[in-house]
1. Only residues in the stretch 221-243 that are under 16 Å from R202 (Cα atoms) and surrounded by 15 or more Cβ atoms within 10 Å (Cβ to Cβ) count as the first member; pair them with residues that are modelled with pLDDT of 90 or more and among the basic types (K, R), Cβ under 8 angstrom, at least 6 apart or cross-chain, and list the lot.
2. Return the residue satisfying two criteria in turn: it lies in the stretch 138-183 and is of a type in the set (A, V, I, L, M, F, W, C) and outside any helix (DSSP H, G or I), and of such residues it is farthest from M119 (Cα to Cα).
3. Quick one: count up the residues across the stretch 143-158 that are of a type in the set (A, V, I, L, M) and within 16 Å of ligand 2 (Cβ to nearest atom).
4. What about P58, is it within 13 Å of ligand 1 (Cβ to nearest atom), more than 20 Å from D201 (Cα to Cα), out of contact with any Ser or Thr (no Cβ under 6 Å at 6 or more places or on another chain) and of a type outside the set (A, V, I, L, M)?
5. Determine whether the stretch 223-232 contains at least one residue that is under 22 Å from E33 (Cβ atoms), away from ligand 2 (no atom under 16 Å from the Cβ), β-branched (V, I, T) and in a helix (DSSP H, G or I).
6. Go through the stretch 18-27 and count every residue that is surrounded by 15 or more Cβ atoms within 10 Å (Cβ to Cβ) and away from ligand 2 (no atom under 16 Å from the Cβ).
7. Anything in the stretch 53-69 that is more than 16 Å from the chain's Cα centre (by Cα) and either surrounded by fewer than 18 Cβ atoms within 10 Å (Cβ to Cβ) or not in a strand (DSSP E or B) (or both)? List them, or say none.
8. Could you identify the single residue in G161, G136, G54 that is out of contact with any Pro (no Cβ under 9 Å at 6 or more places or on another chain) and either away from ligand 2 (no atom under 16 Å from the Cβ) or farther than 20 Å from S36 by Cα (or both)?
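The values are calculated or read from the model by the stated rules, or taken from the named source; none is laboratory data. Bear in mind that the values here come from a model prediction, so they are computed numbers and not experimental data. Don't worry about glycine lacking a Cβ; one is built from the backbone with ideal geometry, like all the others, and counts go over all protein chains shown.
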Amino acid sequence: MFLTISNVSKQYSNQNTVNQVLSDINITVNEGEFVSLLGPSGCGKSTLLSMVAGLTKPSSGEIMLQGNPITKPGKDRGMVFQQAALFPWLTVEENVMFPLKKEMDKKQAKDRAHHFLSMVQLSNFTNHSPHELSGGMQQRVAIARALAMDPTVLLMDEPFGALDEQTRSRLHVELEKIWLDTKKTILFVTHSIQESIKLSDRILVMGTRPGVILEDIKIDLPRPRTHSKEEVVALETKILKLLESEIEKVAREELAYASSR
Ligand SMILES: Nc1ncnc2c1ncn2[C@@H]1O[C@H](COP(=O)(O)OP(=O)(O)O)[C@@H](O)[C@H]1O
Ligand SMILES: [Mg+2]
């Protein structure tokens, strides 16, 4: 098995309360798959991704990548966050080269950086500063930087969450193309139903309090994908129903809590 998350739970405790964030999560991701974690805000998506990244430890259970347990961050896992986190004092090219420098000489790092910057359509911006770029372009630099390290898995935590709708759809098209070209395994966190249907082979719909996997939905639509097909609408409706009941559950609990005080 390629990536397996087995019986993973996570809780945070302070003096007198325990916050059960994730409960008994079991996930298998196959090599080359595009899998989304979809769920309401606060259901534990980022916590789960951060455990795969090795930045957070599970309270129990185990995560294995290609047969090795994940205990710390490693260059086999690339990460892209909602904010691009580029070094402002480095150029676009230098940002992508930065993690490569330990792996290869400068000339190789530069060639590699240019290859991936051209993949994200930024060949004309290699010598720009990050602050001269739009938010969408900055995210593309972050994607190029992660891909240039040739990770086994690419982990993306709401990478397009801060972008406007048009930029977002453009990047959906681009990411799908990159995925088709590179055949990377991608674990993608989002709370957008449309985004997850557009991009994923499988959507893991999450419930909340505690975070659980409610359903594993295979998206068998042909690629590259276009919008507004009947199947897409049917899928949207199905997932929305699942999530609505979760949001209602939270609202009921909050109401009960408020009236008990
Ligand atoms: N370091 C932490 N300490 C305590 N609680 C945390 C920590 N990180 C996350 N949480 C809690 O875990 C829950 C899930 O958070 P998160 O994984 O960020 O959800 P999501 O990404 O789905 O919005 C939240 O209730 C949050 O408050
Ligand atoms: Mg999050």
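1. Every condition considered, the pairs that remain are R225/K198.
2. Here is the first cut: in the stretch 138-183, the residues of a type in the set (A, V, I, L, M, F, W, C) are 141-144, 146-149, 153-156, 160, 162-163, 171, 173, 175, 178-180.
Narrowing the set further to residues that are outside any helix (DSSP H, G or I) leaves 149, 153-156, 160, 162-163.
Details: M149: 14, V153: 18, L154: 16, L155: 18, M156: 17, F160: 17, A162: 22, L163: 20 Å.
Among residues in the stretch 138-183 that are of a type in the set (A, V, I, L, M, F, W, C) and outside any helix (DSSP H, G or I), the one farthest from M119 (Cα to Cα) is A162.
3. Kept after step one, since they are of a type in the set (A, V, I, L, M), are these residues of the stretch 143-158: 143-144, 146-149, 153-156.
Keeping just the survivors that are within 16 Å of ligand 2 (Cβ to nearest atom) gives 155-156.
Here the count works out to 2.
4. Working: within 13 Å of ligand 1 (Cβ to nearest atom): yes; more than 20 Å from D201 (Cα to Cα): yes; out of contact with any Ser or Thr (no Cβ under 6 Å at 6 or more places or on another chain): yes; of a type outside the set (A, V, I, L, M): yes.
In short, yes.
5. Taking the stretch 223-232 as the starting set, the residues that turn out to be under 22 Å from E33 (Cβ atoms) are 223-226, 229, 231-232.
Those still in the list that are away from ligand 2 (no atom under 16 Å from the Cβ) too: 223-226, 229, 231-232.
Imposing the further condition that a residue be β-branched (V, I, T) reduces the set to 226, 232.
So of that shortlist, the ones also in a helix (DSSP H, G or I) come out as 232.
There is at least one residue in the stretch 223-232 that is under 22 Å from E33 (Cβ atoms), away from ligand 2 (no atom under 16 Å from the Cβ), β-branched (V, I, T) and in a helix (DSSP H, G or I).
6. Filtering the stretch 18-27 for residues surrounded by 15 or more Cβ atoms within 10 Å (Cβ to Cβ) gives 20-23, 25, 27.
Narrowing further to those that are away from ligand 2 (no atom under 16 Å from the Cβ): 20, 23, 27.
So the count comes out to 3.
7. Let us first name the residues in the stretch 53-69 that are more than 16 Å from the chain's Cα centre (by Cα), namely 57-69.
K57, P58, S59, S60, G61, E62, M64, Q66, G67, N68, P69 - these are the residues of the stretch 53-69 that are more than 16 Å from the chain's Cα centre (by Cα) and either surrounded by fewer than 18 Cβ atoms within 10 Å (Cβ to Cβ) or not in a strand (DSSP E or B) (or both).
8. Numbers: G161 fails: either away from ligand 2 (no atom under 16 Å from the Cβ) or farther than 20 Å from S36 by Cα (or both); G54 fails: out of contact with any Pro (no Cβ under 9 Å at 6 or more places or on another chain).
Sole residue among the options that is out of contact with any Pro (no Cβ under 9 Å at 6 or more places or on another chain) and either away from ligand 2 (no atom under 16 Å from the Cβ) or farther than 20 Å from S36 by Cα (or both): G136.
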